[in-house]
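This report refers to the structure that appears directly beneath it.
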Amino acid sequence: MTLIELSNKIKSLRKEKKYSQDQLQAFSSITKRTISKIENGFVDEVGIKKVETILDLLGYEFSIRPKNRPKTLEELQDERK
């Protein structure tokens, strides 16, 4: 997953959960400006801990997988949502 894909996924998950950026700010103490930067592809300019916190609030976590391996059935199903 690229940083842009991660940014888009975080934004998509937030909207799916029907959270506003203001609500994430209140739950996490991460500024709305930083949340916006993350969602708009500037992830490399913010700390990974902040990204982890937002993912946690959205019910997700980081995972590591081998590069260029075929996607799992679960990953393919998640893409269809």
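Read-outs throughout are calculated quantities, based only on the coordinates presented, and are distinct from any laboratory measurement. Being a predicted model, the structure only gives us computed values, none of them experimental. We place every Cβ from the backbone using ideal geometry, glycine too, and count neighbours over all the protein chains shown.
Couple of notes before you dig in:
- Within-12-Å neighbourhood charge of LYS37 [Cβ basis; K, R +1; D, E -1]: +1
- Residue-by-residue Karplus 3J(HN,Hα) for the stretch 43-60, coefficients 6.51, -1.76, 1.60, Hz, glycine and proline x: 4, 5, 9, 10, x, 5, 4, 5, 5, 4, 4, 5, 4, 4, 4, 8, x, 10
- Extension gain for ARG80 to ARG65 (0.36 nm times residue separation, less C-alpha to C-alpha distance): 3.4 nm.
- Between ILE4 and THR72, the C-beta separation translates, for a Förster distance of 25 Å, into a calculated FRET efficiency of about 0.70.
- Distance between modelled label sites at GLU52 and PHE27, nm, 7 Å Cα→Cβ extension: 1.8 nm
- Computed from the Cα positions only, the extents of the chain along the three principal axes stand at 37, 26, 18 Å, in decreasing order.
- Applied to the stretch 10-20, the Karplus parametrisation 6.51 cos²θ - 1.76 cosθ + 1.60 on θ = phi - 60° returns per-residue 3J(HN,Hα) values of 4, 4, 4, 5, 4, 5, 4, 7, 6, 9, 8 Hz, with x for Gly and Pro.
- Assuming charge only on the beta carbon of Lys and Arg (+1) and of Asp and Glu (-1), the dipole of the stretch 33-81 about its Cα centre is about 120 debye to the nearest 20.
- Count of lysine pairs in the chain with Cα separation under 16 Å (8 or more residues apart, or interchain): 20
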